[in-house]
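The values are calculated or read from the model by the stated rules, or taken from the named source; none is laboratory data. Predicted, not measured: the structure shown is a model, and the values here were computed from it. Positions of Cβ are backbone-derived with ideal geometry, glycine not excepted, and every protein chain shown enters the neighbour counts. Surface areas here come from the heavy atoms of the whole protein model, side chains and all, with no ligands, DNA or RNA. Shrake-Rupley method; radii C 1.70, N 1.55, O 1.52, S 1.80 Å.
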Amino acid sequence: MASTLLLVVVFVFDLVAFALAVAAEQRRASARIAQDANSRYCVYESDIATGMGVGALLFLLVSQILVMLATRCMCCGRALSPGRSRALAVFLFITCWVTFIIAEACLLAGSVRNAYHTKYRAVLSANPPSCETLRKGVFGAGAAFVVFTGIVSELYYVFYSKSDEGVIPTRDTGIRMGAFN
């Protein structure tokens, strides 16, 4: 039987990760070109989205670790009983890791790119400096994959638990030997 406490804790961590990713998308760094006596330079606004993106990344990581520890990452422990639950658990295990890696990559790339600021000045007669910022939607994609990862990891845990409850039937090995007298 699946642990309701674990499902609730994982859900809360995934919900916090999603909220932080959405907030990071809303608070991405923006830039404007400023000018002083003889040069132009970029002035960046709030950089809080980087911290929110890293926070979402860490909450999702903790959630994934909890599920993998509870299921022993499907590679340790006794074998699962054959059937539909085991087949779905294997499929969801693979899907869970794929969506997790995509979500983490989006959140990490968004955080790193959001923290990057150009630090040069351009002379007034030259072209204005390039004030590069994070593309819109990187943290949003990470938030979407956080939701996918949360759904798939909880389904994986439930099907793993169903498959782990069954007793593996013993096979008849064939000819039995009699007692030695």
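Observations, loosely collected:
- Annotation: of all residues in the stretch 98-120 being aromatic (F, W, Y) and either loosely packed, with under 14 Cβ neighbours inside 10 Å or more than 17 Å from F18 (Cβ to Cβ) (or both), the one that is modelled with the lowest pLDDT is Y120.
- Residue ID - modelled with the lowest pLDDT, chosen from residues in the stretch 121-165 that are over 30 Å from V22 (Cα atoms) and touching a Leu at 6+ places or on another chain (Cβ under 8 Å): D164
- Residue check, L61 open to solvent by 60 Å² or more (accessible area, probe 1.4 Å), at pLDDT 95 or above, under 15 Å from D14 (Cβ atoms) and not polar (S, T, N, Q): yes
- Candidates A79, A56, A49, A87, filtered to the one that is open to solvent by 20 Å² or more (accessible area, probe 1.4 Å), of a type in the set (G, A, S) and in contact (Cβ under 8 Å) with a residue 24 or more places away in the chain: A79
- Every residue from the stretch 51-86 that is of a type in the set (S, T, Y) and either in a loop (DSSP other than H, G, I, E, B) or more than 16 Å from the chain's Cα centre (by Cα) (or both): T71, S81, S85
- Any pair with Cβ under 6 angstrom, 6 or more apart, that starts in the stretch 1-29 at a residue that is farther than 21 Å from G142 by Cβ and ends at one that is in a helix (DSSP H, G or I) and of a type outside the set (F, W, Y): A2/V158; A2/S161; L6/A70; L7/E154
- When the stretch 14-44 is filtered for residues that are open to solvent by 60 Å² or more (accessible area, probe 1.4 Å) and small (G, A, S), only A37 remains.
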